[in-house]
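The values are calculated or read from the model by the stated rules, or taken from the named source; none is laboratory data. As the structure is a prediction and not an experimental result, all values here were calculated from the model. In this analysis, Cβ positions are derived from the backbone assuming ideal geometry, glycine residues included, and neighbour counts consider all displayed protein chains. Remember, those area values only see protein heavy atoms, side chains included, never the ligands or the DNA or RNA. Shrake-Rupley method; radii C 1.70, N 1.55, O 1.52, S 1.80 Å.
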Amino acid sequence: MIYLQLFWEFFKTGLFAVGGGLATLPFLKEVSLRYPWFTPNDLLDMIAVSESTPGPIGVNTATYAGYHAAGIPGALVATTSLVLPSVVIILLVARALTRFRSSPLVQHAFYGLRPASAGLIFGAMFEVFAVSLLHTERWTGLSNLSAVFNLPAILFFLLLTLGIRKLPRLHPIWFILAGAVCGILFQF
Amino acid sequence: MHPYFDLFLTFARVGVCTFGGGYAMLPLLQREIVERHGWATEDELMDYYAIGQCTPGVIAVNTATFIGSKQAGIAGAVAATAGIIFPSIVIIITIAACIQQFAHLAIVQHAFAGIRIAVCALVLQSVWKMAKKGVTDLPTALILLITFAAVAFFGASPVGMVLFAAAGGILIGLFRRPRT
């Protein structure tokens, strides 16, 4: 029963994704490995679309992933399940929330959660990044290490990173557009 | 206008105008919630937003639910949440359907090969910023390394790692307290 599976996976994501924005990624990566709905590489396309369209990134990626899994009903189920834990938790503890935030226990938990959300996102996307920047399929051993590097892709990646760091106010959509144009021109 | 409908429309407007979520949403919330509707003061909004950050789930959704529930109870929370996700659902479904139609074209595949490299750079930059904010001492550096390695090389479940990090943070915090 695909809708039930979607509900469960995205409910879990909504309940445990802490840190906003890209925090849903590690959970979506796990889903991509466990179910045939989408591949880890599809995740990059989902992020690209989510960053260049209106709406919160977490909601956008959930809708996209649900659509990939089971069309329009899948998108609706995934998105509703993602927000359900938030709604329940906030309704249950709305009155105590201001106190909740300043409690030392929550402060301590976030002391551990902040570095973890960075580690989790990087860990989940590590392999996908490697596939985009390297010809991992050419790997046969250390002797032909140089054949593995996709040099044009790595060069483009470094240029973009430099651009993102030098122009932090520029919206991500412009870098994604640059990626599309250079992809068509240079065929990485 | 009916209060539920008003909540739905207001947050749908915030959803449509937010590109990228997170901090991009704050100025819009300020205009809609504080200036236009008077549903909260500037300070209250900052509080709501901070609470949205320290409850699980998408920050924008948490903030919407919180403001909705303060204004009109459970139904208000549902109306505000439905409002903030409504534009995403419509826009993403439309785009996903279009991309599926054209995904087989060579030019689209080349474009996405380039886009994926751009996404790598963007995500890494976000992770770098999060790491700089989160890693303040040796224990936090270790938590980052452990969660990274567990997920990247040992296929650990992110749920377990989130629980581990929260428990670790609490333990270290309690352990340290007497000394300071």
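Count Lys and Arg as plus one, Asp and Glu as minus one, and take only other residues whose Cβ is under 13 Å from that of B:Val162; the net charge is then +1. Within the assembled protein chains, the solvent-accessible surface assigned to A:Tyr35 is about 40 Å², based on a 1.4 Å probe. Which of B:Ile93, A:Gly123, A:Leu134 sits farthest toward the positive end of the charge dipole of the protein assembly as shown, with +1 on the Cβ of Lys and Arg and -1 on the Cβ of Asp and Glu? Sorting the options by dipole projection puts first A:Gly123.
Counting heavy atoms of the protein chains alone, B:Ile115 has an accessible area of about 20 Å² for a 1.4 Å probe. Backbone phi angles across segment A:27-44, fed through the Karplus curve with coefficients 6.51, -1.76 and 1.60 (θ = phi - 60°), yield HN-Hα couplings of 6, 5, 4, 4, 4, 5, 7, 8, 10, x, 6, 7, 9, x, 5, 4, 4, 5 Hz in residue order; Gly and Pro are listed as x. Taking label positions 7 Å along the Cα-Cβ direction at both B:Ala141 and B:Arg176, the computed distance is 1.4 nm, reported to one decimal. Comparing B:Thr55, B:Thr81, B:Thr18 in a Gaussian network model of chain B where C-alpha atoms under 10 Å apart are linked, the largest mean-square fluctuation is found at B:Thr55. Considering only A:Leu25, A:Leu159, A:Leu82, the mean-square fluctuation computed in a Gaussian network model of chain A, springs between alpha carbons under 10 angstrom, is largest for A:Leu159. For chain B, adding -39500 (n - 2.57) for each run of n ≥ 4 DSSP H residues and dividing by the number of residues yields -27000 deg cm²/dmol at 222 nm.
Classify segment B:50-159: rounded, prolate or oblate, from the alpha-carbon gyration tensor (a ≥ b ≥ c, eigenvalue square roots; a/c under 1.5 rounded; otherwise prolate if a/b is larger than b/c)? Here segment B:50-159 falls in the oblate category.
Here each label is just a point 7 Å from Cα along the line to Cβ, and for B:Phe19 and A:Met1 those points are 4.2 nm apart.
Let me spell out the model: positive unit charges on the Cβ of Lys and Arg, negative unit charges on the Cβ of Asp and Glu, origin at the Cα centre of chain B. What dipole size does that give, in debye rounded to 20?
Working: 11 positive and 8 negative charges, 112 e Å.
It works out to roughly 540 debye.
Would you mind telling me which residue in B:Ala156, B:Ala131, B:Ala24 has the biggest mean-square fluctuation in a Gaussian network model of chain B, where springs connect alpha carbons within a distance under 10 angstrom? Sorting by GNM fluctuation, first place goes to B:Ala156. Structural size metrics of chain A, computed from C-alpha coordinates, are Rg and Dmax of 19.1, 63 Å. Amide H contacts for A:Phe149 (H built 1.01 Å from N in the peptide plane; partners 5 or more residues away or on another chain; cut-off under 5 Å): A:His135.
Between A:His171 and B:Gln30, the distance separating the two model label sites (each 7 Å from Cα on the Cα→Cβ line) works out to 1.9 nm.
In order along segment B:159-169, the phi-based Karplus estimate (6.51 cos²θ - 1.76 cosθ + 1.60, θ = phi - 60°) of 3J(HN,Hα) comes to 4, x, 5, 5, 5, 4, 5, 5, 4, x, x Hz; Gly and Pro are listed as x.
Rounded to the nearest 20, the Cβ-based charge dipole of chain A about its Cα centre (Lys and Arg +1, Asp and Glu -1) stands at 700 debye. For segment B:142-154, backbone phi angles converted through the Karplus equation (6.51, -1.76, 1.60; θ = phi - 60°) give residue-by-residue couplings of 5, 4, 4, 5, 5, 5, 4, 5, 4, 7, 6, 10, 10 Hz, Gly and Pro being listed as x.
Among the listed pairs B:Lys70/B:Lys129; A:Lys166/B:Lys133; A:Lys166/B:Lys70; A:Lys12/B:Lys70, which are separated by more than 30 Å between their Cα atoms?
Where the Cα-Cα span goes over 30 Å, the pairs concerned are B:Lys70/B:Lys129; A:Lys166/B:Lys70.
With the full set of protein chains in place, find how many percent of the accessible area of the protein assembly as shown is carbon and sulfur; take the probe as 1.4 Å.
Values: 11780 of 16990 Å².
Ligands and nucleic acids excluded, carbon and sulfur reach 69 percent.
The B-A contact accounts for approximately 7900 Å² of buried accessible area, totalled over both chains at a 1.4 Å probe radius.
Seen from A:Thr98, the other residues with C-beta closer than 13 Å to its C-beta sum to a net charge of +1, counting Lys and Arg as +1 and Asp and Glu as -1. Averaging the Cα positions of each part gives two centres, and for segment A:28-71 and segment B:79-147 these lie 9 Å apart. Near B:Thr18, the amide H atoms lying under 5 Å from its own belong to A:Gly55; only residues 5 or more places off or on other chains count, and H is placed 1.01 Å from N. Gain on full extension, evaluated as 0.36 nm per residue between B:Glu42 and B:Phe153 minus their Cα-Cα distance, stands at 35.5 nm.
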